[in-house]
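Taking it in order: structure first as structure tokens, then the write-up.
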Amino acid sequence: MRAVERLAPHRLAGEWADAAANGLFHRTPALSARAGITPAQKHTAVLLAMMGLALFSINPGLGWIMLQSITALFFLSLIVFRLAAAALPVHRAPAAALAEGDLPVVTILAPVYRESAVLSQLTRSLAALDYPPGRLDIKIIMEADDRDTIRAARQLVFDSRFEIVIVPDGSPRTKPRALNFALTFARGDIVTVYDAEDVPHPGQLRAAAEAFAAGDARLGCVQAPLNWYNHHRNWLTRQFALEYAVQFHAILPLLARLGLPLPLGGTSNHFRRAALGDAGGWDAYNVTEDADLGFRLARLGYRSDVIAPQTMEEAPESIRPWIRQRSRWLKGYLQTLAVQLRQPASLSPGAALSLALTIGAAVLSALLHGPAILLFASLWMLDIVPANLPAAGFLLIGYAASMLCGVVAIRRAGLRTRWLDIARMPLYWPLQTFAAITALVELRIRPYFWAKTEHGFTKAPEPECRLPSPSSSRPYRLPPSRSASSEPAANPIRQKARA
């Protein structure tokens, strides 16, 4: 029996789909991006802009000094933050060893949309996880109109760990809506999210379970580090690998060490099911539902931590798909900022600091980096540079701190890089300005549009996947792949499907 051939509409599917899309909004409207930017936020922004213009009109010199001082203080904080992330030993969540019989049931939610090219790879990667089969509940989540992926699934053989969940048509067509719908059927105490192209380390689920066993009830999520299995392909993928290494092997470990909220990555999150329920699940209207959820958990008193076994993904290999992906991230960051700042007084000082140093810094950097480079180039050509040497020096110090953090983080990730790639990092950052412009336009005309990232251009690694630490784990190989046209294995175990 093949799973998707047993689909039948359920009488409650419509109610489940509506709850998946609008449950958080109905429960706590202020914490959902569906409300957009509120009138109060718009009025505040206009008021601040008018106050700034008035100050520059009355006393331009004082206005310029204040602007420079605020900017310098903010970027000095970022420099110190990155230097601390590079200097301090990498932090990982404490772990308590668990016997085989004490391991909790884990539900894996793996949403796939137009991913027929990598579906076989995903199922092989999940099948290779080192976890008791009877305690593993894997949901492969598909959209009802995704006929190609459903057709590809019909050619695969799933064992008893797997279950196909078909999400009914509806809006918004986003990953968090699909996750919320599949969560209805989850039976695990821990809920894990993987993307379609992911190749997680086989020991990652055990590491997550042992981290939760060692932590208290306030530990709501543990994040595994991410990087790219095609990082070697070209200059863009190598730069992306450096950026991810800094994020997951320097910045997030430092935030976790300080007990600050984490802007979670979009995959390899492991949640305590009770915490996920308290938070209302994912916001279907936020296109970076991961980062948003990290701060929402913190509002409820939960904390997040990081574990060592990493997940490898497929990076965009050309500029156009990179900008599509990055514009969605920046649009989601803007949505998250808008949601979190609706009630700024309810943010703890630590949450406000983390929000500013991560999501806020990412948005400002993307918006201002390109224009700043053009400004300095213009000043250079106009021979006004001597008057702006302090600002230029500050920019160079920021570059140096980021490069140092990149060198340390890429080594922690267990990846190799070239010094030439480190030197070219400043050429990579201005690309974000193009993505930021796209994000601003989309936020206005289609805020909930999910720009799909295509996968399957690079074959996932069959050989080893190591722990990103000096004492790496034993290398492993994925089981042999099965093409979509292969004959089913003999005596396959029955599968289930839901819709």
Projected onto the charge dipole of the range 20-162 (unit charges on the beta-carbon of Lys, Arg, Asp and Glu, signs +1, +1, -1, -1), the Cα from 141, 41, 91 with the largest positive-side position is that of 41
Sorted by chain and number, the residues with a modelled amide H under 5 Å from that of residue 192, at a separation of 5 or more or across chains, are 107, 108, 109, 271
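Ranked from the most accessible area to the least, with a 1.4 Å probe and all protein chains present, what is the order of 198, 290, 189, 216?
Values: 198 0, 290 25, 189 95, 216 75 Å².
I get 189, 216, 290, 198, largest accessible area first.
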A correct Karplus calculation of ³J(HN,Hα) over the range 163-168, with 6.51 cos²θ - 1.76 cosθ + 1.60, θ = phi - 60°, whole Hz and x for Gly and Pro, returns 8, 8, 10, 9, 8, x
For residue 376 the rounded accessible area (nearest 10 Å², probe 1.4 Å, non-protein molecules ignored) is 50
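Rounded to the nearest 5, what is the percent of antiparallel bridges among the DSSP beta bridges in the range 214-353? Each step should come with its number before you reach the end.
Numbers: 3 of 10 bridges.
Just about 30 percent of them are antiparallel.
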For the table 331/452; 331/459; 139/331; 139/175, the rows whose alpha-carbon distance is greater than 20 Å are 331/459; 139/331
Rounded to the nearest 10 Å², the accessible area of residue 50 using a 1.4 Å probe with every protein chain kept is 120
Honestly the range 63-131 on the Cα gyration tensor test (a ≥ b ≥ c root eigenvalues; a/c under 1.5 rounded, otherwise a/b vs b/c for prolate or oblate) is just oblate
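Report Rg(Cα)/(2.2 N^0.38 Å) for the chain, keeping two decimals. Before the final figure, lay out the partial values.
On the way: Rg = 23.2 Å, N = 499, 2.2 N^0.38 = 23.3 Å.
My calculation over the Cα atoms of the chain gives 0.99.
Pull out a ≥ b ≥ c, the square roots of the eigenvalues of the alpha-carbon gyration tensor of the range 1-136, then state rounded if a/c is under 1.5, prolate if not and a/b is larger than b/c, and oblate in the remaining case.
Values: a/c = 3.14, a/b = 1.70, b/c = 1.85.
Cα axes put the range 1-136 in the oblate bin.
Starting from the alpha-carbon convex hull of the range 196-353, give the projected area averaged over all orientations, in nm².
Mean projected area of the Cα convex hull: 9.3 nm².
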Cα pairs beyond 17 Å in the range 194-268, in percent, come to 53
Inter-part gap, Cα centre of the range 144-190 to Cα centre of the range 334-375, in whole angstrom, is 33
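Could you give the C-alpha radius of gyration of the range 281-421 expressed as a fraction of 2.2 N^0.38 Å, taking N as the number of residues it contains?
Working: Rg = 18.6 Å, N = 141, 2.2 N^0.38 = 14.4 Å.
Normalised by 2.2 N^0.38 Å, the Cα Rg of the range 281-421 equals 1.29.
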Taking the alpha-carbon centre of each part, the distance from the range 296-326 to the range 199-222 in Å is 17
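Run through every distinct alpha carbon pair of the range 130-249 and return the Kirkwood hydrodynamic radius in angstroms, one decimal place. Numbers along the way, then the final one.
Details: mean 1/r = 0.0589 Å⁻¹.
One over the average 1/r among Cα pairs gives 17.0 Å for the range 130-249.
Chymotrypsin sites (Phe, Trp or Tyr not before Pro), restricted to the range 160-222: which are DSSP loop and have at most 16 other Cβ atoms within 10 Å?
Working: sites: 162, 181, 185, 194, 212; in loops: 185, 194.
Taking the range 160-222 and a limit of 16 other Cβ atoms within 10 Å, the loop chymotrypsin sites (Phe, Trp or Tyr not before Pro) found are 185.
The values are calculated or read from the model by the stated rules, or taken from the named source; none is laboratory data. Just so you know, these numbers come straight off a predicted model, no measurement behind them. Heads up, the Cβs are rebuilt from the backbone with ideal geometry, glycines too, and the neighbour counts pull from every protein chain shown. To get the accessible areas, we keep the full protein, side chains included, count just its heavy atoms, and leave off ligands, DNA and RNA. Shrake-Rupley method; radii C 1.70, N 1.55, O 1.52, S 1.80 Å.
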